[in-house]
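Since the structure comes first, as structure tokens, the remarks are kept for the end.
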């Protein structure tokens, strides 16, 4: 089983006046292909810092981060942007869909930004929407979708460039329990038996049975529960 994401003694510190805030203490972590991993913890515990480091939105203060064996710790801003577009799929608490784009275009646009032709991007978008049960919604605008449908569109958008890893930040926070489970089951289906991994930050412990591993973080300290 190949390791997709690896932290080696990764720490993130911030200066706050004369003080140093340890947002994430030296952390070792691995996410392997086919795994859905949950990160749980209270607000302000370091979850967002962890996810931002994993997603190349932040650089570590110390330690190294590897994505598919490549050290991404010291990339320039331009290199980080290119990496995020090619290798990392993001899903957020709010779907962040563009109000004036139809569903198909929401998904295909990300592929076009990565250099895929408009025709190929459109075809791939339709294939993904079919896979996610959204065929009948391809020409809808976001205002015409339910909360669960919006999150499925967000998942399709995250998958369009075949990322190595999917990072989901509270993807079920705005959904009821039934729709929440559908979304997490879908995430699991999209990584199980594949060469990608997914990490989900969540407050909803009812979803943890769907995850391969669970980590808890508090005061910047990450520990593995199972």
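Nothing in this text is a laboratory measurement; each read-out follows from the coordinates by a stated rule. The structure presented is a predicted model; accordingly, all values stated were derived computationally and were not measured. Neighbour counts run over all protein chains shown; Cβ positions are idealised from the backbone, glycine included.
Annotations for the structure displayed:
- Segment 57-88 versus segment 176-207: alpha-carbon centroid distance in Å: 24 Å
- Relative compactness, segment 158-226, computed as alpha-carbon Rg over 2.2 N^0.38 Å: 1.13
- Put in order of Cβ neighbour count within 10 Å, fewest first, the listed residues 100, 141, 14, 215 become 100, 14, 141, 215.
- Compared with the dominant principal axis of the Cα atoms in the chain, helix 103-113 is inclined by about 60°.
- Cβ crowding within 10 Å averaged over residues, with 30-37, 162-169 ranked highest first: 162-169, 30-37
- Here is how the number arises for the chain: DSSP H runs of 4 or more residues each give -39500 (n - 2.57), the sum is divided by the residue count, and the result at 222 nm is -10000 deg cm²/dmol.
- In Å, descending, principal axis extents of the Cα set of segment 18-61: 44, 23, 18
- Protection proxy ranking of 83-92, 44-53, 175-184, 109-118, by the mean of other Cβ atoms within 10 Å over each peptide's residues and highest first, is 44-53, 83-92, 175-184, 109-118.
- Rounded to the nearest 10 degrees, the inclination of helix 118-131 to the longest alpha-carbon principal axis of the chain is 80 degrees.
- Angle between the chain longest axis and helix 77-87 axis [Cα atoms, degrees, rounded to 10]: 50 degrees
- Each Cα pair under 8 Å and six or more residues apart adds its separation to the average, and for the chain the resulting relative contact order is 30 percent.
- Alpha-carbon Rg/Rh ratio, for the chain, with Rh computed the Kirkwood way: 0.97
- Rounded to whole Å, sorted largest first: equivalent-ellipsoid semi-axes of segment 1-115, Cα gyration tensor: 27, 18, 15
- Summarising the label geometry, the points placed 7 Å from Cα in the beta-carbon direction at residue 135 and residue 9 lie 5.5 nm from one another.
- Peptide ranges 146-156, 192-202 listed from the most packed, as the mean C-beta count within 10 angstrom indicates: 146-156, 192-202
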